[in-house]
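Nothing in this text is a laboratory measurement; each read-out follows from the coordinates by a stated rule. Keep in mind it's a predicted model, so treat the numbers as computed, not measured. Using ideal geometry, Cβ is built from the backbone for each residue, glycine included, and neighbour counts are taken over all protein chains shown.
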Amino acid sequence: MNIDSDLSPVPSSPASGGRPARLAARLEDLQVANSYAELPPAFHTFLPPQPLKAPRLLHANEEVAAMLGLDPSALGAPEFLEVVSGQRPLPGGRTLAAVYSGHQFGIWAGQLGDGRAHLLGEVLTPHGPLELQLKGSGRTPYSRMGDGRAVLRSSVREYLASEAMAGLGIPTTRALALVVSDEPVYRETVETAAIVTRVSPSFVRFGSFEHWAGKPEPLQTLTDYVIDRHFPALREVASGEPAGTQQAVLRMLREVVRRTARMVADWQTVGFCHGVMNTDNMSILGLTIDYGPYGFMDRFQANHVCNHSDTHGRYAWNVQPAVAHWNLYRLGSVFLALGIEEDALRDALSGYQEDFLIAYHDNLRRKFGLEVWRAEDEELVDAWWRLLHEQRADFTLAFRLLADVEREPRCFLDLFSEPESARAWLDRYARRLKGQTLAEPDRRAAMNAVNPLYVLRNHLAQEAIEAAAKGDVGEIEALLTVLRNPFEAREGFEYYAQAAPEWAERLEVSCSS
């Protein structure tokens, strides 16, 4: 069975040739289903959102609309605002909040769930079903002590982050619309409310399975749902007999391990920190999900912690691969309730390190312009990380400017407070490149195709938030312009390719949103 070909994920960014020939002019024209709503009542609660007062559509994403088969003209219709602000249901949809559980900061937190999110339904597209979910749409039975709202700052950050990750080619949920209101929300200060419409093939997470630990019947129901809907090839007939329950579960777990490893390898090699890698924030499809206190690193520190609430550094950049592995073990242990032997589950999980290293090394091979990865390249990369860490060099620009170092070494060396150390590493790098068959211009072009010039730096997101608070979407538009193709230099957008100013180091993001 070729899992790579049979189970390729839904593209994060549709090719123009893959769009439907005719886009729907109205939400009512979309084909909508409700597969998650058809699960037994214990999996969710049917309830309407709590609409924002006097909502305004701040921004709508035409690219994601096209993925759904929706014409851009539909985004300006009153009924579109009514749906994405929670005033009316998605035509044909059954609105619900899902229950799940999870480990938060390594501690079992018990029952959680969609405390401020509502699943509207799923749109059937040529790429497969895509679910629509409102975030910030009011209280649910799973809100615990929360108010069910999201604030403008976190909503703008999520809206931009999902599109930035898609532009980088990293598996992610997407964002269709951003709605704002003057309705007050009380956090450390009084802020204003917002709703993001998120789009994903599924919002099922590790915690969705953890919720049914020790309960074989509902656990089997959820497992069958996920396999049949997202991994049907895992039931492929072998020797004339369909895969049994144990075989299908182990295949699914193995696929989740592979996808998670690749996703985290992608995070590491663009300097992305998730910030809250709780098991309830881990997608069963290996998508980046639940953007909270995330951050793209500016000045590199291997132990960088982007979440101000993470006082012990559990989710630091250099710990993310190990945390993902720990989370996978929490997921795997759930299936003991289905009678699967511990050794078999451990075998399914054991491939994580190899999967991660294969993806990680391949990413680095391409980022450094190497034709093949050699075992000794590990030492070159370790020296690179030490150099960036000791001199706090800019993560994104260091990789980007490395491509042109033969022609313009000064730009690269200016990133370092002690250029001689950087020169010594460059000498080592130059020796590594000798003997490659790839011509220098081709190597440079290949490196620029994988090393972004633009990433969603915290200060750029902050400037977009401040503009959005005034009703100005200019910064959101500018950022989307560069982030959708972050590898191509754009004239007039030089500001967005610069290193972060010193004041950016004082910005803090936390779990408060």
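List of remarks:
- Mean Cβ neighbour count within 10 Å, used as a protection proxy, ranking 57-70, 263-276 highest first: 263-276, 57-70
- Loop-located trypsin sites (Lys or Arg not before Pro) in the range 101-164, at most 16 other Cβ atoms within 10 Å (DSSP): 144
- Averaging 1/r over every pair of different alpha carbons in the range 210-362 and inverting the result gives a Kirkwood radius of 16.5 Å.
- Set of lysines near residue 470 by C-alpha distance (under 25 Å), chain-local residues within fewer than 8 positions excluded: 53, 135
- Isolated Cys in the chain, by beta carbon distance under 4.7 Å: 411, 511
- Gap separating the Cα centres of the range 37-103 and the range 131-166, nearest whole Å: 12 Å
- Interatomic Cα distance distribution for the range 458-506, bins of 5 angstrom, percent: 5, 19, 28, 24, 19, 5, 0
- Relative contact order, percent, the range 210-362 [alpha-carbon distance under 8 Å, six or more residues apart]: 31 percent
- Descending semi-axes in Å of the chain, equivalent ellipsoid built from Cα gyration tensor: 36, 29, 22
- Near residue 100, the amide H atoms lying under 5 Å from its own belong to 112, 113, 114; only residues 5 or more places off or on other chains count, and H is placed 1.01 Å from N.
- Our summary gives the range 384-471 a relative contact order of 35 percent, counting only alpha carbon pairs under 8 angstrom and 6 or more residues apart.
- Kirkwood radius and radius of gyration were both taken over the C-alpha atoms of the range 340-495, and their ratio Rg/Rh is 1.07.
- Value of D in µm² per second that Stokes-Einstein yields for the range 113-268, Kirkwood Rh from Cα pairs, at 10 °C (1.306 mPa s): 89 µm²/s
- Dividing the mean sequence gap of close Cα pairs (under 8 Å, 6+ apart) by how many residues the range 322-444 holds gives a relative contact order of 21 percent.
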